[in-house]
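Asker: Below is a structure I'd like to ask you about.
The values are calculated or read from the model by the stated rules, or taken from the named source; none is laboratory data. If you're wondering where the values come from, they're calculated on a predicted model, not measured in any experiment. Positions of Cβ are generated from backbone atoms using ideal geometry, with glycine treated the same way; all protein chains shown enter the neighbour counts. Surface areas here come from the heavy atoms of the whole protein model, side chains and all, with no ligands, DNA or RNA. Shrake-Rupley method; radii C 1.70, N 1.55, O 1.52, S 1.80 Å.
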Amino acid sequence: MLIGVNVPNFGPGTRPAVLRDWARTAEGLGFDLLMVSDHVAITSDVAAQYPAPFYDPFTTLSWLAGVTERITLGTTVLIAPYRHPLLVARMAANLNDLSGGRLVLGVGVGWARQEFEALGVPFHRRGALTDELITTVREAWQDEGYRSGDIPIWIGGHSDRALRRVVHLGDAWHPLRQTPDSWRESLARLTGIAAAEDRPVPALAPRILLRLTDEPVEDRRLGEGTLDQVVRDLEQLRADGAQAVVLDPYAGDPEETRHPHTAWRMLAAVRETLREKEIR
């Protein structure tokens, strides 16, 4: 099972040197994936949690590709309706080529109504636009001019429509920040939808919170609690068949971005424990 890190590419403490240090730290600790988020217009609904500066994911990953050697790079998630599908196809193919085939394209439908309005994209069509983008991108990558290689597409969401999208169009299901109960319930629905439509269950690649506490947490999300609780979550996800898990050390306060060493210490503790238990 691959273990990745969601790197904050936004907030008051984020700048190029910090992003570089994030990338080198994640790779140096032995993590397998480095992923960043996406917003285009930092409207008030976005800025409450993800304030400027917000570095564009393709630009950021291109920069980080040049300061890393091994780690896979990805989006968690690119908001599909915000860009023309052929632009996404070109940028993703170029980044994959320039990085030596290290890209994962995670996509989602988006949630920020004000941002949709600012971009002139109809919020009510975000699902259909996402389907269109995935289909068009895959078709474009068949053109030799794109030199896309084999870029996996991870699809976020846990509504029934999102799960059908994953079953029909995705290489992996990439839900975000679920509780243990919601993970099991959503996974059961995904499996049921795949069976009903006579299609294979896609790969599992959840993104979970990483928040370490001194005392055990009861009502919690996956990845939240003591180190033992978090490691047990990873063990259970591996037993459930997850091929990758992305750890997200950003808990929601933009001031956290001023103190990346706090996140790095949590990641180092998890990485060391996983090595001791030989979990990958």
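Asker: Would you be able to say whether some residue in segment 16-30 is modelled with pLDDT of 95 or more, of a type in the set (D, E, K, R) and part of a loop (DSSP other than H, G, I, E, B)?
Answerer: For segment 16-30, residues modelled with pLDDT of 95 or more, of a type in the set (D, E, K, R) and part of a loop (DSSP other than H, G, I, E, B): absent.
Asker: So which residues in segment 74-111 are in contact with a strand residue (DSSP E or B) (Cβ under 8 Å, 6 or more places away or on another chain) and of a type in the set (S, T, N, Q)?
Answerer: Thr75, Thr76, Asn96, Ser99
Asker: Has segment 53-64 got at least one residue that is of a type outside the set (Ser, Thr, Tyr), over 17 Å from the mean Cα position of the chain (by Cα) and in a helix (DSSP H, G or I)?
Answerer: Checking segment 53-64: at least one residue is of a type outside the set (Ser, Thr, Tyr), over 17 Å from the mean Cα position of the chain (by Cα) and in a helix (DSSP H, G or I).
Asker: What residue, of Gly127, Gly74, is buried (at least 21 other Cβ atoms within 10 Å of the Cβ), under 19 Å from the mean Cα position of the chain (by Cα) and within 23 Å of Leu176 (Cβ to Cβ)?
Answerer: Step by step, each of Gly127, Gly74 is checked, and only Gly74 is buried (at least 21 other Cβ atoms within 10 Å of the Cβ), under 19 Å from the mean Cα position of the chain (by Cα) and within 23 Å of Leu176 (Cβ to Cβ).
Asker: Only one residue in Val109, Val121 is β-branched (Val, Ile, Thr), farther than 17 Å from Thr14 by Cα, in contact with a Gly (Cβ under 6 Å, 6 or more places away or on another chain) and open to solvent by 20 Å² or more (accessible area, probe 1.4 Å). Which one?
Answerer: Val109
One line per residue, one yes/no per condition, for (1) in contact with a helix residue (DSSP H, G or I) (Cβ under 6 Å, 6 or more places away or on another chain); (2) crowded, with 21+ Cβ neighbours inside 10 Å:
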| position | (1), (2) |
| --- | --- |
| Gly66 | no, no |
| Arg90 | no, no |
| Asn96 | no, yes |
| Leu105 | yes, yes |
| Glu117 | no, no |
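Asker: Among residues belonging to segment 250-280 that are open to solvent by 40 Å² or more (accessible area, probe 1.4 Å) and basic (Lys, Arg), point out the one that is farthest from Gln49 (Cα to Cα).
Answerer: Filtering segment 250-280 for residues that are open to solvent by 40 Å² or more (accessible area, probe 1.4 Å) and basic (Lys, Arg), the one farthest from Gln49 (Cα to Cα) comes out as Lys277.
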